[in-house]
Structure formats: C-alpha cells, structure tokens
1. Would you mind working out the accessible area per residue for the chain, using a 1.4 Å probe, and quoting it in Å²?
2. What residues qualify as long-range amide H neighbours of residue 191, i.e. H under 5 Å apart, gap of 5 or more or another chain, H built at 1.01 Å from N?
3. Enumerate by residue number the trypsin sites (Lys or Arg not before Pro) in the stretch 127-172 meeting two conditions: DSSP loop (anything except H, G, I, E, B), and at most 16 other Cβ atoms within 10 Å of the site's Cβ.
4. Out of the DSSP beta bridges found with both residues in the chain, what percent are antiparallel (nearest 5)?
5. Quick one: longest stretch of the chain between exposed loop GluC sites (Glu not before Pro), exposed meaning at most 11 other C-beta atoms within 10 Å and loop per DSSP?
6. With r defined as the distance between the Cβ atoms of residue 230 and residue 199 and R0 fixed at 30 Å, what FRET efficiency is calculated, to the nearest 0.05?
7. May I ask you to derive the FRET efficiency for residue 213 and residue 289 from their Cβ-Cβ distance with R0 = 25 Å, giving the value to the nearest 0.05?
8. Under the rule of -39500 (n - 2.57) per DSSP H run of 4 or more residues, summed and divided by the residues of the chain, what mean residue ellipticity at 222 nm is obtained, to the nearest 500 deg cm²/dmol?
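The values are calculated or read from the model by the stated rules, or taken from the named source; none is laboratory data. All values derive from a computational prediction rather than experimental measurement. No Cβ is skipped: glycine too gets one built from the backbone with ideal geometry, and neighbour counts run over all protein chains shown. We work out accessible area using only protein heavy atoms, side chains counted, and drop any ligands, DNA or RNA first. Shrake-Rupley method; radii C 1.70, N 1.55, O 1.52, S 1.80 Å.
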Amino acid sequence: MTTCDIIVPCYNEEEVLHAFYRETHHVTDSMKNYSFTYIFVDDGSRDHTLPIMRELAEQNPDVRYISFSRNFGKEAAMYAGLTHSTGDLVIIMDADLQHPPAMIPTMMEGIEEGYDCAAARRLTRDKGNGLQNLFSSTFYKISNMLTEVKMPQNAVDFRIMRRPMVDAILKLSEVERFSKGIFAWVGYETKWYPYENVERTLGTTKWSFRALLRYAMSGITAFSVAPLKLLSGLGIFMCGIAFVYTLTAVICGLIPGVSLGDNSALICVLLWIGGILELSMGVLGEYMTHIYREAKDRPVYLIRQTNIVAGSDNK
Ligand code: UDP
Ligand code: MG
C-alpha cells in the first residue's frame, strides 16, 4: 500500500477546517490503493484553528497536527509539513477548499504514469482583483526574465510529489524560502493539471497586498543575482561614456577654434568618478554573488536516476 501524507498549512481557518476534512476525506476514502495521513500545520492562528485540529485528531486516527509558537508564514508551514512527512507521496494543499479535493484522483493518475510530481495550475484568475492580477503577471514576467529557473505562471501550491522530490526540496535548507522557485529549481518531471479558479467561500484571504509585495521581492532576490550583475554592466557602460567624452574633449582641444565648452574638464572627471564607482560596486556585487550562492548551501546537483548501487564498487 502506498502511503501518502496530505500537508495543509492553516492560519485562522476555523470556518473551513471541518468542511475541508470532510470533503477531502470523502475523496481520499474512495482511493483504496493508498493510505492517507493528514498533517495539519497551525501557523500560529489566533482563532480556534488549533482546538479544531485537536478535535479532528481525537476523532480520526489519520490526523496529525503541528502548531507553531507564532505566525511564521505559509512557507514555514509547508516546510514543517514536508520535514515531518514520511509518506511515499506527499500532497500539499490549502485549507480553504480553493484547491479542489476532487482533483486528487486525477492528479494521482499522473503519478501512476511515472511522473515525479503532479501539480495544479489555475486557468482563470480571481475575479474583481485587477490590480493584484496585473501585479502577479508582471512579477512572473520579471522573475522569469531574471532567474535561471522558469516558474510557470498561475501555478499554485497544490501538488502531489514523490518522496525523492520531497527529499530534494528538503535539501534546500535556506531560511528565506520561496517554494514556487524551489519546486522549479529542483527539477524532476512534473505533469500540469489546469483547473478553473474556485472562489473562497468560507473565511478570508490571509494575504495583504503588502505581504504579497514582500513575498514577490524575496522571490526575486532568492533566485536571481541579476540585479547585482547589472551593476558591473552599468559601470562598464559609464566608463565607456567617460572614455568617449574624454577622447572627444581632447580631440576638440587640439583643433583650434573648436571647444566642448568651459566645463568639459569637470564633466570628464565626473563621468570617470561615476563610472569607476559603479564598476567598483559591480566588483563588490560579483563577490556578493559568490557569498550569496555559498550561503544558500544548495546541493550542487540532484540525481533522478542512476544504476550505481550505494556501497558497492559497481563492477
Ligand atoms: N496560510 C498560512 N500562513 C499564513 C498565510 C496563509 O498557513 O501566514 C495558509 C492559509 O491558511 C491557507 C493557505 O495558506 O490554507 C493559502 O492562504 P490564502 O487562502 O489566504 O491565500 P490565497 O488563496 O488568497 O492566495
Ligand atoms: Mg485561498
């Protein structure tokens, strides 16, 4: 029997938790080839989320819960769930039923076909939230332009993963986590399942515009050193301009009657200072890039398949 853990990050979800368990359990109960365990992560809720989790755990042997000392954010909740999971497969889904439990059997078919991951992608965006939608699509454009990992737009944190992929994700031990980037970074074969957006019927969204902006910024800085590299480019560009201007000023000075004006010497000095400063920052940026990469302590590679058996000389 394949074991499967369902990780559910929850922050102030007292209104939906019972409905979530009822509906999801109804689906998983019909999948007889799998044995499911629910891991609810209470991310420092201030309402009755934790007592409800305890009640669910008392009534149902397949329910586990983890409760944080304060609100650490959804990323931390997902990470805690993954760290405590032991199943052959892991499902991550939101508590608010915006990730339709009815999709689990369909997505599981992808895993049975041999994919490492089956993930959901939203077809339509939230209605009536134009600014947020524009912001989100701009974020994906900028981020995919700047970073080496490509994040599919509208991907949500609803996915089924095999154990090797989960272990790979856990090898990325960085503190400031940006899962959408991490899922893309580790690679592995993912099958995508599009679905129509479901409105939240119970409770309210836990994200403010400010929190989303902060999250987007950390997403870019966690996966891209392009802004640092830009400094070297700008420095070289500025020095180029300084060089051309100085050359022009000198040539003009040599030709009688032609002049770039009284301030040309001052402009030369300013351009050179600007260029050299920018270039120096670029050099610092290059070193910071190295520190940044080393500090992340990411694995140098991840193996998906090999015929080398651990502990043997493989002859
Ligand atoms: N969540 C969390 N910690 C937070 C914010 C959200 O664990 O600080 C959980 C929340 O309970 C829900 C999921 O993350 O299960 C997605 O949150 P939400 O539905 O508010 O986001 P949206 O669907 O609006 O993007
Ligand atoms: Mg939601």
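1. Heavy-atom SASA per residue in the chain reads 55 Å².
2. 117, 118, 119
3. Details: sites: 127, 141, 150, 159, 162, 171; in loops: 127, 150.
Sparse-neighbourhood loop trypsin sites (Lys or Arg not before Pro): 127, 150.
4. Working: 8 of 32 bridges.
Taking every DSSP beta bridge with both residues in the chain, the antiparallel ones total about 25 percent.
5. Working: sites that count: 113, 148, 176, 196, 199.
Formally, the longest exposed-site-free interval is 200-315.
6. Working: r = 40 Å, r/R0 = 1.33.
Plugging the Cβ-Cβ distance into 1/(1 + (r/R0)^6) gives 0.15.
7. Values: r = 24 Å, r/R0 = 0.97.
For residue 213 and residue 289, the calculated efficiency is 0.55.
8. Working: 10 runs with 156 residues, N = 315.
About -16500 deg cm²/dmol.
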